[in-house]
Each structure stands twice: as structure tokens, then as C-alpha cells.
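Note sheet for the following structure.
The values are calculated or read from the model by the stated rules, or taken from the named source; none is laboratory data. These numbers were taken from a predicted model, which means no experiment stands behind them. Cβ atoms come from the backbone with ideal geometry, glycine included; neighbour counts cover every protein chain shown.
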């Protein structure tokens with residue numbers, strides 16, 4: 001088994017890290033640059049920063065924040081939110097990010113994935129998806145429907161079919177943020193994570209629901225994920241990166257354990 005990645009997620013509103021449950025009741029968790037530096041020092045493998053209201057507010061990503069995070073860490077990080085064109089992707093990469101996450105934009109204009117892959121390489125293009133459970137199996141055979149704009153809009157698109165299409169268009173990685181589990185800290189939505197991971201040949205990142213190291217182990221073993229995103233369990237102080245990695249290593253999951 002390849003080394004599994006632990007990726008802290010910084011959801012940012014008005015230059016503050018926030019965390020809610022299923023995109024609601026958000027609580028302030030601190031300064032994004034300070035938290036990025038802390039998790040980097042603790043030995044996380046990558047980071048992801050989402051400007052989570054940018055698309056809904058129809059504005060660009062906060063590039064000053066991206067540049068500040070880039071100066072504070074020396075590991076890869078992805079940025080999402082407020083991306084409406086390849087030019088926006090380029091601006092984020094020039095500000096210091098290694099990857100750009102597209103979500104609502106990719107649903108509205110799927111060709112942006114292939115445009116970004118041609119311009120910067122597939123390794124720079126991450127598809128973020130927010131699937132939610134649905135009973136409409138005729139429309140969504142996997143049982144999961146893609147939502148957009150922070151779960152504000154349903155699309156009628158099947159999550160697994162969308163993952164396959166995104167890979168064909170050139171996405172280099174897929175983040176599966178299951179809306180039903182987001183922020184609950186009760187465990188990842190393993191079924192949709194596994195369905196997507198088994199359907200594509202690119203890395204899949206489990207997101208939404210991590211509350212303890214056992215949840216990450218389940219994502220890797222049962223969900224077939226290559227990486228796992230953590231947020232609330234870190235922001236709350238209940239767990240640290242070294243503690244998570246120690247627990248995972250003890251359960252047989254290969255992780256990079258040397259702190260930076």
C-alpha cells in the first residue's frame with residue numbers, strides 16, 4: 001500500500017477559518033495563515049484552502065491570502081473557490097499554490113478541466129465534488145447526486161458518472177466531499193468514496209466527516225481513498241497531525257511520520 005496523505009482543510013470566510021456541519025452553523029477557528037503554518041510544522045502532507053463564499057458571492061479568490069499561505073509553508077497545497085476561468089487558475093498557481101480545485105465551475109463548464117490540464121498539467125487540476133444521497137436511481141444510478149454552490153443547488157448529475165467524465169477531461173485528482181457527512185465527525189461516507197475510487201484511475205481524496213484516526217483508516221481501507229481531508233478534529237484541538245499518524249501507523253496504514 002502506498003503512503004497515505006493527511007490533508008488539513010481550511011475553509012475560509014472573510015479571511016478567517018471556519019467550520020460548520022453540512023455547510024451550516026459555521027464557527028470561527030482562527031487565522032488561515034497561522035493554522036497553515038501550524039499544521040505544516042506538525043507534519044501534514046498537503047493542505048487545501050477553500051474560499052468557500054467566493055463563488056456564491058461571484059468574486060475572485062483572495063490571492064493575497066493564497067500568497068501568504070505559500071510563504072508560510074513548504075508543502076503542496078490546493079486552492080478552491082472563486083475560480084471562473086483558466087486565467088483565474090493561473091493567478092492562483094502564480095500566487096504559490098500547486099493545485100487548483102474546481103467544483104461549481106466544472107459542472108457549469110466541464111471544458112475548463114481540459115483547458116486547465118492542457119495549460120498547467122493534470123497534476124494541477126483537482127475536481128472537487130459535493131455529492132448527496134438521493135433516491136432517484138433512474139437519474140443517479142449510484143445513489144448520489146452532485147450539488148453545487150455549497151450544497152445550494154442540485155444538478156441531477158450522477159456522482160460516479162461525473163467522476164469518470166472529469167478524469168477523461170484531464171482532472172488529476174478528485175476530492176469527494178460527501179454533504180451528508182460534512183462536519184459531523186461521525187466518519188466519512190465510505191460508499192460514495194469507494195464507488196468513485198473504484199471507477200477512476202486517478203487519486204481520490206475522502207472528505208467530510210473525519211472525527212478520529214479510525215475514520216481515516218476506514219477511508220483508506222474500506223473507502224479505497226488515497227488521501228483524507230481533516231478539519232474539525234484538528235481545529236478543535238482534539239487531535240494533532242502526529243497523533244493521527246501514530247494511530248494510523250499502529251493500525252498498519254503507511255504514513256510519512258517524519259515531521260518537517
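Numbers at a glance
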quantity	calculated
Residue identified as closer than 17 Å to residue 186 by Cα, more than 18 Å from the chain's Cα centre (by Cα), surrounded by 13 or more Cβ atoms within 10 Å (Cβ to Cβ) and modelled with pLDDT of 95 or more among 214, 219, 228, 249	214
Residue, nearest to residue 240 (Cα to Cα), within segment 51-64, restricted to residues that are touching a strand residue (DSSP E or B) at 6+ places or on another chain (Cβ under 7 Å) and surrounded by fewer than 24 Cβ atoms within 10 Å (Cβ to Cβ)	52
Residue in segment 172-180 that is within 24 Å of residue 16 (Cβ to Cβ), assigned to a strand (DSSP E or B) and modelled with pLDDT under 95 present	yes
Test for residue 225: is it touching a residue at least 12 places away in the same chain (Cβ under 8 Å), closer than 30 Å to residue 169 by Cβ and in a loop (DSSP other than H, G, I, E, B)	yes
In segment 126-139, residue surrounded by the most Cβ atoms within 10 Å (Cβ to Cβ) [restricted to those that are in contact with a strand residue (DSSP E or B) (Cβ under 9 Å, 6 or more places away or on another chain) and in a loop (DSSP other than H, G, I, E, B)]	134
Meets criteria (closer than 25 Å to residue 162 by Cα and assigned to a helix (DSSP H, G or I)) for residue 106	yes
So residue 163, is it surrounded by 22 or more Cβ atoms within 10 Å (Cβ to Cβ), closer than 28 Å to residue 120 by Cβ, modelled with pLDDT under 95 and touching a strand residue (DSSP E or B) at 6+ places or on another chain (Cβ under 9 Å)	no
Hits in segment 231-246 - residues which are under 20 Å from the mean Cα position of the chain (by Cα) and outside any loop (DSSP other than H, G, I, E, B)	232, 233, 234, 235, 241, 244, 245
Those residues of segment 84-119 which are in contact with a helix residue (DSSP H, G or I) (Cβ under 8 Å, 6 or more places away or on another chain) and under 25 Å from residue 40 (Cα atoms), in sequence order	89, 90, 91, 92, 93, 95, 96, 97, 98, 99, 100, 102
Matching strands (runs of 3 or more DSSP E) fully within segment 17-80 where at least 2 residues are at pLDDT below 95 and closer than 25 Å to residue 147 by Cβ	24-30, 47-51
Some residue of segment 187-194 being surrounded by 22 or more Cβ atoms within 10 Å (Cβ to Cβ), at pLDDT 95 or above and not in a loop (DSSP other than H, G, I, E, B)	yes
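Yes/no per residue for (1) surrounded by fewer than 20 Cβ atoms within 10 Å (Cβ to Cβ); (2) within 15 Å of the chain's Cα centre (by Cα):
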| position | (1), (2) |
| --- | --- |
| 87 | yes, no |
| 98 | yes, yes |
| 119 | yes, no |
| 123 | yes, yes |
| 141 | yes, no |
| 154 | yes, no |
| 158 | no, no |
